[in-house]
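Engineer: Sharing a structure with you now.
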Amino acid sequence: MMKTYRVNDMFYSLQGEGNNTGKVAVFVRFAGCNLRCSFCDTDFTDYTEMSADEIVKRANALCEVAQQIKPMVVLTGGEPTLQVDWALIDSLHQAGYVVAMESNGTNLPPDNLDWLTVSPKERVMVKRCNELKCLFDEKACVDDFGIIADEYYLQPCDVGDDVKNQAIIQQCVEYIKAHPKWRLSLQIHKLAGFK
């Protein structure tokens with residue numbers, strides 16, 4: 001029996017946050033998560049069962065416009081470590097893609113990823129990643145969860161209130177000025193109005 005993955009959505013766009021902001025990517029959103037964060041923008045109930053070959057074919061179809069240059073594929077969710085395995089990443093590599101993952105860090109990811117972003121919310125198992133992206137909210141409490149990263153980002157939390165959001169952004173900027181290990185990550189896909 002061929003393994004399938006519960007894929008919530010696949011789309012071609014620009015990375016809207018973190019170190020790869022502005023880069024073209026195919027996003028593969030997986031259904032399901034082991035956390036239930038109030039600010040999450042993924043519908044967990046709707047998904048299509050897809051094999052690794054079907055995911056690669058869909059990625060190829062989505063990025064036909066990219067011509068000869070294959071963009072990166074971003075595996076996200078939900079929580080992709082609940083489903084993504086070495087075989088899926090290997091299939092994407094064989095098709096010529098650079099493979100990135102965005103994870104909450106509560107499970108160890110496959111070791112054949114090209115880029116790992118961890119955005120922790122609670123206890124984590126991952127202790128090393130390429131990019132640590134922590135949310136900065138009204139509490140202004142920053143924790144790196146003991147994770148060693150190549151890049152450290154703080155992302156102001158969107159609480160759905162423009163006045164509060166602006167105050168959170170200003171607090172975040174001031175925090176970074178006092179703690180320069182961190183860099184600011186704004187969600188440009190929300191600011192610019194693209195998916």
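Engineer: Sorted from largest down, give the three principal axis spans of the alpha carbons of the chain, whole angstrom values.
Structural biologist: Largest first, the chain extends 51, 34, 31 Å along its Cα principal axes.
Engineer: Another question about this same structure. Considering only protein heavy atoms and a probe of 1.4 Å, how much of the accessible area of the chain is carbon and sulfur, as a whole percent?
Structural biologist: 52 percent
Engineer: Quote to one decimal, in nm, the extra length available between residue 123 and residue 35 on full extension: 0.36 nm per residue of separation minus the C-alpha distance between them.
Structural biologist: 30.6 nm
Engineer: List the equivalent ellipsoid semi-axes of the range 96-165 in whole Å, largest first, each obtained as the square root of 5λ for an eigenvalue λ of the Cα gyration tensor.
Structural biologist: Equivalent-ellipsoid dimensions as semi-axes: 25, 14, 10 Å.
Engineer: Averaged per residue, what accessible surface does the chain expose to a 1.4 Å probe, in Å²?
Structural biologist: I get 52 Å² per residue for this part.
The values are calculated or read from the model by the stated rules, or taken from the named source; none is laboratory data. All figures in this text were calculated on a predicted structure; none of them were measured in a lab. The protein model used for the area step is the full one, side chains on, heavy atoms only, and it has no ligands, DNA or RNA in it. Shrake-Rupley method; radii C 1.70, N 1.55, O 1.52, S 1.80 Å.
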